[in-house]
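Some notes on the structure that comes next.
The values are calculated or read from the model by the stated rules, or taken from the named source; none is laboratory data. Everything numeric here is computed off the predicted structure, so don't read it as measured data. When we count neighbours, we look across all protein chains shown, and the Cβ atoms used for this are built from the backbone with ideal geometry, even at glycine. SASA here: full protein model, heavy atoms, side chains in, ligands and nucleic acids out. Shrake-Rupley method; radii C 1.70, N 1.55, O 1.52, S 1.80 Å.
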Amino acid sequence: MLEVNNIHKTFNGNSVLKGIDFHIEKGEVVAILGPSGSGKTTFLRCLNLLERPELGTLRFCDGSLTLDFSHKISKSDELALRRRSSMVFQQYNLFPHRTALENVMEGMVVVQKKSKAEQRAVELLTKVGLKDKMQLYPSQLSGGQQQRVGIARALAVQPDIILLDEPTSALDPELVGEVLQTLKLLAQEGWTMIIVTHEMQFARDVADRVILMADGNVVEQNSAREFFENPQHERTKQFLLQAKIPVCVEYEI
Ligand code: ADP
Ligand code: MG
């Protein structure tokens with residue numbers, strides 16, 4: 001569905017992404033693992049132009065959108081890309097003075113009639129298990145509930161692809177499971193997702209493909225099973241050892 005090639009990104013002369021090639025199929029779930037500072041967040045942000053790569057290309061394989069980052073990107077292409085992808089942040093990034101329902105409706109009202117937007121927002125909040133919390137403000141919700149609002153908000157724009165940057169790492173351990181369960185449900189529904197995560201058990205169970213990034217490069221990628229059971233590269237073996245696989249977070253799947 002989406003393919004990027006040779007993505008380069010530098011911050012103040014510091015090369016953070018060193019030529020990333022990546023593709024994802026419709027309905028595929030890809031987990032990105034890697035040590036802190038390896039460029040995972042920057043890569044996700046490049047995919048919806050929260051960061052602008054200096055070099056590389058991005059294209060939707062149906063031919064509907066092609067961007068070449070070595071040239072100036074038009075505003076309309078930038079908006080087109082943003083409309084097709086949606087980000088879920090580690091720190092939820094909800095509007096504090098809006099209710100859960102209003103947060104989910106945020107991105108929709110411009111393009112839809114309000115009553116229709118509200119109906120859809122209610123459906124999404126029900127899907128993530130927050131039917132009875134819709135009128136509450138973020139400060140009245142637990143971290144896990146806030147993140148589920150964040151997920152509902154990401155779905156609200158009906159993106160082609162959802163980008164999740166460590167969606168559970170700000171949560172207390174007992175709240176991780178409810179968010180992972182929600183993500184598992186989305187995977188089963190066929191949403192296309194890229195998830196940066198440290199939840200190895202989740203990556204193993206839910207991702208179709210797993211990628212290890214280190215020092216701005218893709219070190220290894222494989223089916224989840226092969227990646228964990230038969231890692232090819234020394235760097236991957238080292239990473240998995242350090243992560244003390246299996247790291248089991250208890251959650252129902
Ligand atoms: P990860 O998500 O894998 O931990 P990041 O993509 O956040 O890695 O960061 C990769 C590198 O880029 C780090 O060295 C980080 O300090 C640097 N970096 C990220 N964002 C910026 C920024 N806005 N300005 C300068 N350096 C940055
Ligand atoms: Mg990060």
Quiz item: So is Ser86 buried (at least 17 other Cβ atoms within 10 Å of the Cβ), among the polar types (S, T, N, Q) and away from ligand 1 (no atom under 13 Å from the Cβ) or not?
Solution: yes
Quiz item: among the polar types (S, T, N, Q), in a loop (DSSP other than H, G, I, E, B), within 16 Å of ligand 2 (Cβ to nearest atom) and modelled with pLDDT of 95 or more - does that describe any residue in segment 87-104?
Solution: no
Self-check item: Set Glu118, Glu78, Glu102, Glu106: member being open to solvent by less than 40 Å² (accessible area, probe 1.4 Å) and more than 20 Å from Leu185 (Cβ to Cβ)
Solution: Glu78
Quiz prompt | Residue list for segment 12-41, restricted to those being touching a residue at least 12 places away in the same chain (Cβ under 8 Å), of a type outside the set (Asp, Glu) and more than 17 Å from His198 (Cβ to Cβ) | solution = Ser15, Val16, Leu17, Lys18, Gly19, Ile20, Phe22, His23, Ile24, Lys26, Gly27
Quiz item: For segment 152-189, how many residues are within 16 Å of ligand 1 (Cβ to nearest atom), open to solvent by 20 Å² or more (accessible area, probe 1.4 Å) and among the acidic types (Asp, Glu)?
Solution: 1
Quiz item: Would segment 64-78 turn up any residue that is without any contact (Cβ under 8 Å) to a residue 12 or more places away in the chain and closer than 26 Å to Thr236 by Cα?
Solution: no
Quiz item: For segment 14-81, list the strands (runs of 3 or more DSSP E) that sit wholly inside it and hold at least 1 residues that are in contact with a His (Cβ under 9 Å, 6 or more places away or on another chain) and either away from ligand 1 (no atom under 14 Å from the Cβ) or closer than 21 Å to Ile162 by Cβ (or both); which are they?
Solution: 14-24, 29-33, 55-60
